[in-house]
Amino acid sequence: MIAGIDEAGRGPIIGPLFLALCACPSPDALVSLGVADSKSFGSGPHARRARARLCREILASCRVHWIQVEARVIDAFVLSGPGLNELERQAAIRLLRDCGPLRSVHADGRTLFSPLQSRFPHLQAQDKADRDHPVVAAASIVAKALRDEWMERYERRMAAAGFPLSGGGYPNAATMDFVARWERAFGCLPPHTRKSWHRRPLTGDLFPS
């Protein structure tokens, strides 16, 4: 089995990070499914549906493991711990242990994952691995599809509470407006907001009045 590791949700200020491992005996078969780097699908409802469809096909044809890392755990590692990179490395170690024997592993991010090569000699860490290795692209799709699904549930919950949200939880104008509205209404950050964004606590003066 050849495996790929990738993540989704490293940059947002709302919601969890997902790290996925996808393993299969014939990575070329993934290409015939239309597997490509998840970022190449773009954004919006059409992209979400395309990733969700491919995720189902990947789950049906490959061995897949994933980890969901909550915002509070990210905060603990970033604000007073060893940092986000170490958190991802620990999550990757857990995925590799859960998956069992593998012939080779490709991980997206040379700086991020190369420290694991001393423990896993069959692991190759490189930048743009999701572009060059179908198994990494498959892991990228699974991780992104899982985060898409999480965000869709969160957006429905917030809309039902009277606080519609767009922007995917990333630090863009739409997300920051949502956070500011919530904070003005309740005096606190919305659920699942990362206080560690940019290594500083989020406070009211960060948002537009």
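Where a number appears in this text, it was derived from the coordinates with a stated rule and is not lab data. If you're wondering where the values come from, they're calculated on a predicted model, not measured in any experiment. Note that we place each Cβ from the backbone using ideal geometry, even for glycine, and neighbour counts take in every protein chain shown.
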note = So Ala60 and Asn172, fully extended at 0.36 nm per residue minus their Cα-Cα distance, gain in nm 36.8 nm
request  = Return the FRET efficiency for the residue pair Thr111, Ser40: r is the Cβ-Cβ distance, R0 is 22 Å, and the value is rounded to the nearest 0.05.
outcome  = 0.45
request  = Measure off 7 Å from each Cα along the Cα-to-Cβ vector at Ala185 and Ser104, then give the distance between these two points in nanometres to one decimal.
outcome  = 5.2 nm
ask   = Check Ile14: other-chain or 5+ apart residues with amide H under 5 Å from its amide H, H built from backbone geometry?
value = Arg194
task = Tell me, for the chain, which Cys residues have no other cysteine's C-beta sitting closer than 4.7 Å.
result = Cys22, Cys55, Cys99, Cys188
Set of lysines with alpha-carbon distance to Lys39 below 17 Å, sequence-local pairs under 8 removed = Lys128, Lys144
request  = Quote to one decimal, in nm, the extra length available between Lys195 and Arg119 on full extension: 0.36 nm per residue of separation minus the C-alpha distance between them.
outcome  = 24.1 nm
ask   = Among Ser61, Ser40, Ser104, which one shows the biggest mean-square fluctuation in a GNM of the chain, springs joining Cα atoms closer than 10 Å?
value = Ser40
Percent of beta bridges antiparallel (DSSP, the chain, rounded to nearest 5) = 65 percent
query = Once you charge only the Cβ atoms, +1 for Lys and Arg and -1 for Asp and Glu, what is the size of the charge dipole of the chain about its Cα centre, to the nearest 20 debye?
reply = 220 debye
ask   = Okay, helix-only estimate at 222 nm for the chain: each DSSP H run of n ≥ 4 adds -39500 (n - 2.57), divide by all residues, round to 500 deg cm²/dmol; what do you get?
value = -14500 deg cm²/dmol
inquiry  = Angle check, please: helix 71-80 long axis (alpha carbons) against the longest principal axis of the chain (alpha carbons), in degrees 0 to 90, nearest 10.
reply    = 90 degrees
note = On the formula 1/(1 + (r/R0)^6), with r taken between the Cβ atoms of Arg131 and Asn85 and R0 of 22 Å, the FRET efficiency rounded to 0.05 is 0.60
task = Would you indicate which of (1) 32, 20, 12; (2) 28, 22, 15; (3) 53, 26, 14 is the value of semi-axes √(5λ) of the Cα gyration tensor in Å derived from the coordinates of this structure?
result = (1)
